[in-house]
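Worksheet for the structure shown next.
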Amino acid sequence: MKDSFKIPQLLLRCALGITFLTPVSDRLGLLGAPGTGNIEWGNWGNFINYTTTLMPFLDRPMVNIMGGIATVSELLIGILLIIGFKTKYAALGASLLTLTFILFMIFSVGIQKPINFGVFTATTASFLLSRMPNYNWSLDNLLKKKES
């Protein structure tokens, strides 16, 4: 059977990877100052303030930890998707992480925020990517060829 997913899976991997790395860059202040352009947070403090609204049942130190866990997870997932390493697991993790974001957003700020941020799309696209049969132009594929 011909693998007709070669280019779509590559584009999907890259798009999702960028989707995870961009907010990380934003919250670390790498994309610009708060309030400029399309900057959502612009620094860690603003990101944690927003995270506090999503997790009002947690105290500030715990929100910092959860924000750190989310940031490290998004950074790792973004990199793994772009380079195509452990792609199936990275994509599944991306789907579960963004599904968690959806739930927290819906229960704290309503359904419009996850829609505006494209979180439903990222969740579904990540799950779809996790079900792809092959990841061409990836480290996974390169390592599989070396093992053969």
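What the table below lists for this structure:
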quantity: Odd one out for Lys86, checked against (1) free of Cβ contacts under 8 Å to residues at least 24 places away in the same chain; (2) touching an Asp or Glu at 6+ places or on another chain (Cβ under 9 Å); calculated: (1)
quantity: Some residue of the range 14-35 being out of contact with any strand residue (DSSP E or B) (no Cβ under 7 Å at 6 or more places or on another chain), more than 30 Å from Leu142 (Cα to Cα), open to solvent by 40 Å² or more (accessible area, probe 1.4 Å) and not hydrophobic (A, V, I, L, M, F, W, C); calculated: yes
quantity: Checking Leu58 against (1) open to solvent by less than 20 Å² (accessible area, probe 1.4 Å); (2) more than 17 Å from the chain's Cα centre (by Cα); (3) among the aliphatic types (A, V, I, L, M), the condition it does not meet; calculated: (1)
quantity: Within the range 103-148, tally of residues that are part of a helix (DSSP H, G or I), farther than 16 Å from Thr51 by Cα and small (Gly, Ala, Ser); calculated: 4
quantity: Among (1) open to solvent by less than 90 Å² (accessible area, probe 1.4 Å); (2) within 12 Å of Lys88 (Cα to Cα), the one test that Leu128 misses; calculated: (1)
quantity: Residue under evaluation Trp41, criteria (1) under 30 Å from Asp140 (Cβ atoms); (2) touching a helix residue (DSSP H, G or I) at 6+ places or on another chain (Cβ under 8 Å), criterion not met; calculated: (1)
quantity: Filter result for Tyr50 (under 18 Å from the mean Cα position of the chain (by Cα) and more than 20 Å from Leu16 (Cα to Cα)); calculated: yes
quantity: Tally, over the range 101-119, of residues that are surrounded by 15 or more Cβ atoms within 10 Å (Cβ to Cβ) and within 17 Å of Thr19 (Cα to Cα); calculated: 6
quantity: Any hit, the range 2-9, residues being open to solvent by 30 Å² or more (accessible area, probe 1.4 Å) and under 19 Å from the mean Cα position of the chain (by Cα); calculated: yes
quantity: Residues being assigned to a loop (DSSP other than H, G, I, E, B), farther than 12 Å from Thr71 by Cβ and either in contact (Cβ under 8 Å) with a residue 12 or more places away in the chain or aromatic (Phe, Trp, Tyr) (or both) - total across the range 29-58; calculated: 9
quantity: Residue that is open to solvent by 30 Å² or more (accessible area, probe 1.4 Å), under 21 Å from Ser25 (Cβ atoms) and either touching a Ser or Thr at 6+ places or on another chain (Cβ under 9 Å) or modelled with pLDDT of 95 or more (or both), where the choices are Gly93, Gly45, Gly84, Gly68; calculated: Gly45
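The values are calculated or read from the model by the stated rules, or taken from the named source; none is laboratory data. None of the values given here were measured: they were computed from a predicted structure. Backbone-built Cβ (ideal geometry, glycine too); neighbour counts: all protein chains shown. Surface areas here come from the heavy atoms of the whole protein model, side chains and all, with no ligands, DNA or RNA. Shrake-Rupley method; radii C 1.70, N 1.55, O 1.52, S 1.80 Å.
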